[in-house]
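Here, each number is a calculation from the coordinates, and none is a lab measurement. Because the structure is a prediction, the values reported are computed rather than measured. Reconstructed Cβ throughout: ideal geometry from the backbone, glycine too, with neighbour counts over all protein chains shown.
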Amino acid sequence: MSIAILISVHDGLVLASDSASTLMVKTQKGEQGVVGVYNNANKIVNLYKGYPIGCVAFGAGSIGNASISTLLKDFRARLDSKENPPFNIKNYTMKAVANALSEFLEAECRQSNVPAPSPPSLGILLAGHSTGKNLGEGWSIQIEGGKAVEPVPLRAEHEVGISWGGEAEAVVRLILGYGTALPDVLKNIIKTDQPQIISQIVALLRQNLQAPVVFPPMPIQDAIDLAEFLVHASIMYSRFTPGAPTVGGPIEIAAITKHEGFKWVSRKHYYDRQINPEQLRREWLEEEMS
């Protein structure tokens, strides 16, 4: 379980996530039950070092015995390989990146030893800049039941906004103005066999209730602050609502801009940063050069 956020503005793109990974098993009644929650999962990855391409994952935490984080880094290694790279890194489109990543994950699902009744389902919010493009792009990649769904752009070129995945109840309520259960509630209230009526009502409510919080000239730092707020709100919502706190742990954030590329804003470390002066020096140099 997790929350994944992608915010796009003209200044760049922001990826944010929590760090929770939920261990679930089937109960005697055949239902999924939470056994435990780990709060150190890695969900954001720079897909090519030195280039403005990154993604955040949600849903299944692994395919077979490999974590999604490891698989995304395997994909990065393939891009870095001089033998049969899936596209030309010197001249690429984000559509090509999305298609290559989708095909890679589907192939991993086929090669894994996951039992047929429980193939993995996961989502990827892909963000980056196509070669020569001023504005960043967001793409949605979905693996449903071990099969890839054709990647789709999250919004039209020049449009800005927020996209999310995972346990997004808090974000939906904050941004759209209503909960995810609203369509079902309306179906119970309005007895009709015409689902388009329910869809029209929901669309009307969204048009009038949605909070306008993202604008094209928004500076990247403000987009970072907004992404952090939305992930934190989701963590607190999971903490105080009934059930296991399946959204939690440290908040990770990365910003992607045309000239600075992929930059970590907030990231977990396996070690105390104070005991690694060389790492601190590298981070200082990166900040000075950015």
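Here is how the numbers come out for the structure above:
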| item | result |
| --- | --- |
| DSSP loop GluC sites (Glu not before Pro) with at most 14 other Cβ within 10 Å excluded, longest remaining stretch of the chain | 160-259 |
| Dipole of segment 83-188, positive end: most advanced residue of A168, G136, T180 [Cβ charges, Cα centre] | G136 |
| Cut-off under 5 Å, modelled amide H: who pairs with M218 long-range | H10 |
| Backbone HN-Hα couplings from phi across segment 218-230 [Karplus 6.51/-1.76/1.60, Hz, Gly and Pro as x] | 4, x, 4, 5, 5, 5, 4, 4, 5, 4, 4, 4, 5 |
| GNM result for the chain, Cα springs below 10 Å: residue of V265, V185, V149 fluctuating most strongly | V185 |
| Beta bridges by DSSP in the chain, antiparallel share as percent, to the nearest 5 | 100 |
| Derived scalar couplings ³J(HN,Hα) [segment 192-202; Karplus, 6.51 cos²θ - 1.76 cosθ + 1.60; whole Hz; x for Gly, Pro] | 8, 9, 10, x, 5, 5, 4, 4, 5, 5, 4 |
| Under the Karplus curve 6.51 cos²θ - 1.76 cosθ + 1.60, θ = phi - 60°, whole-Hz ³J(HN,Hα) for segment 7-14, x wherever Gly or Pro sits | 10, 10, 9, 5, 6, x, 10, 10 |
| Most mobile listed residue (S19, S130, S81) in the chain, GNM with C-alpha springs under 10 Å | S81 |
| Of (i) 64, 43, 37; (ii) 48, 43, 42; (iii) 62, 48, 40, the label for Cα extents along the principal axes in Å derived from the coordinates | (iii) |
| Within a Gaussian network of the chain (alpha carbon springs, distance under 10 Å), most fluctuating of G61, G123, G145 | G145 |
| Out-of-range pairs (alpha-carbon distance over 18 Å; input K73/K263; K95/K133; K95/K268; K49/K90; K90/K133) | K95/K268 |
| Top positive-direction residue, dipole computed over the chain with Cβ charges, set I235, S199, I44 | S199 |
